[in-house]
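The values are calculated or read from the model by the stated rules, or taken from the named source; none is laboratory data. From a predicted model like this one, the values you see are computed outputs, not experimental measurements. Because the Cβ atoms are built from the backbone with ideal geometry, glycine has one as well, and the counts that use them run over all protein chains shown. SASA here: full protein model, heavy atoms, side chains in, ligands and nucleic acids out. Shrake-Rupley method; radii C 1.70, N 1.55, O 1.52, S 1.80 Å.
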Amino acid sequence: MTSPQYSRWNQRTAMTRSAVAGAALSVVRFTTLVAVVAVDREAPLAWDISWHRWALDHRDPRLVAVAIVVTTTGTGPVAYALAALAGVLGRRNRPWWYGALTAVIVLAGFQLFRWSLSAVIARRRPAVADWAWQASGLAMPSGHATTSAVVALFLCVALMRGRYRPVVQV
């Protein structure tokens, strides 16, 4: 019979391996997409055009309102506040402000990387007439999508780290 501590360790190791494998697969997929887009920066991809057309043809004002809320929370103070919260929740043996500050600095680092990658790819946005909300800068990688994904990752890691903390330390 295995001890509860050993089975918990196996579960944690399996989850860590799964997370690393998922992250590696995501990096490969993103790199492939960047390479495909970088080959022809000016012309949208065929499937990109069809999805864009479908979205315009099926635009519902209620869904546009929801999309605007989601988009605006993916940038600016809300995203940084959530990153700081994740840093506070995920800290171990550090003051609360250390976790918050670390998460905000790492998010800013991701933003710098995104801006650099965006400058290299230099993909223009679709026509302004098709926009549901204002946007600035280049189209890929998307600022609000990147920020939202990084903050979601921070929150998931913070919540998973908290899951394995002992309730009472002996």
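Restricting to the range 72-87, and then to whatever is in a helix (DSSP H, G or I) and open to solvent by 40 Å² or more (accessible area, probe 1.4 Å), can you tell me which residue is farthest from MET160 (Cα to Cα)? Even if it seems obvious, please write down each step before you answer.
Kept after step one, since they are in a helix (DSSP H, G or I), are these residues of the range 72-87: 72-73, 77-87.
Filter once more, keeping what is open to solvent by 40 Å² or more (accessible area, probe 1.4 Å): 72-73, 77-78, 80-82, 85.
Values: THR72: 27, THR73: 23, PRO77: 24, VAL78: 22, TYR80: 20, ALA81: 19, LEU82: 16, LEU85: 14 Å.
Here the answer is THR72.
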Quick one: which residue in ALA38, ALA24, ALA119 is exposed (fewer than 15 other Cβ atoms within 10 Å of the Cβ) and modelled with pLDDT under 80?
-> ALA38
Return yes when ALA132 is over 26 Å from MET160 (Cα atoms), in a loop (DSSP other than H, G, I, E, B), open to solvent by less than 80 Å² (accessible area, probe 1.4 Å) and not acidic (Asp, Glu) and no when it is not.
-> yes
May I ask you to verify whether ALA19 is closer than 29 Å to SER116 by Cα and either surrounded by 10 or more Cβ atoms within 10 Å (Cβ to Cβ) or at pLDDT 70 or above (or both)?
-> yes
Taking TRP51, is it at pLDDT 75 or above and among the aromatic types (Phe, Trp, Tyr)?
-> yes
